[in-house]
């Protein structure tokens, strides 16, 4: 177990917020939160506080690139417009973001703060989910230490791997992943699902009963996420609170985030972000 990180542990050109574990718990785990396209780290800082995960410090990181004059931020190497929808394309290259995030994990969290790979988890929405999956591949395939090839887990809400990721790996990534997506009108297609299974050894896909790659907004949609946390988060005090209670505490968390930001779909930019 590492020590609780501080802002001073990270490069000055990276904007982030740190939420300590609740109830003076030890910081046994670190959950890295990556916001969606056009958002900021502030909304996911709030999410980290509301999830209230035991023995878990949450670090909400702002995307490194500003989104033109719209006030939000993104994770892509470029700003690309989708010719079909006219909106922004989330799959805009992740080389710069992956290098930045990999440095934060390996140099700052692991070397400075003393965390092991297994104690670090990732959670991202939309383009942030794509960035989380890409980072997971990079961390697993090129670890500084072979014993640190498996991380705690990676959760992507509404996003597959980026197109720049390899089509398959002989030695699959051992870090378990959970991908939540709509049952229709989704970027997590059967082709994308197949690619995930060729890259990762442990893949869990959960489909909503509705269309669209949006954040979960019901107990049923939140349950797989809390169950994943319950399986993968480590505890120095024994088994963490069961998923049913955790889900009850987390009911409405994502709805509140969506309502506060006035958005549901990836690529929308909320008034709060613009302001």
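The values are calculated or read from the model by the stated rules, or taken from the named source; none is laboratory data. Note that the structure is a prediction, hence the values are computed from the model and not measured. All Cβ positions, even for glycine, are placed from backbone atoms using ideal geometry, and neighbour counts span all protein chains on display.
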If you take the residues of the range 25-50 that are more than 13 Å from the chain's Cα centre (by Cα) and buried (at least 24 other Cβ atoms within 10 Å of the Cβ), which of them is nearest to residue 232 (Cα to Cα)? 29
When you look at residue 221, is it under 27 Å from residue 51 (Cα atoms), in contact (Cβ under 8 Å) with a residue 40 or more places away in the chain, crowded, with 17+ Cβ neighbours inside 10 Å and over 15 Å from the mean Cα position of the chain (by Cα), yes or no? yes
Going by what's in this entry, would residue 167 be described as under 19 Å from the mean Cα position of the chain (by Cα) and either part of a helix (DSSP H, G or I) or in contact (Cβ under 8 Å) with a residue 24 or more places away in the chain (or both)? no
Go through 17, 43 for me and flag whichever is touching a residue at least 24 places away in the same chain (Cβ under 8 Å), part of a strand (DSSP E or B) and touching a helix residue (DSSP H, G or I) at 6+ places or on another chain (Cβ under 8 Å). 17
Evaluate the range 66-76: report whether one residue or more is surrounded by fewer than 17 Cβ atoms within 10 Å (Cβ to Cβ), out of contact with any helix residue (DSSP H, G or I) (no Cβ under 7 Å at 6 or more places or on another chain) and assigned to a loop (DSSP other than H, G, I, E, B). yes
Could you list, in sequence order, the residues of the range 20-35 that are assigned to a loop (DSSP other than H, G, I, E, B) and touching a strand residue (DSSP E or B) at 6+ places or on another chain (Cβ under 6 Å)? 20, 21, 27
Subset of the range 81-115 (residues that are surrounded by fewer than 21 Cβ atoms within 10 Å (Cβ to Cβ), at pLDDT below 95 and assigned to a loop (DSSP other than H, G, I, E, B)): 82, 83, 84, 85, 86, 87, 91, 93
Look at residue 215 and say whether it is within 16 Å of the chain's Cα centre (by Cα), without any contact (Cβ under 8 Å) to a residue 60 or more places away in the chain and surrounded by 18 or more Cβ atoms within 10 Å (Cβ to Cβ). no
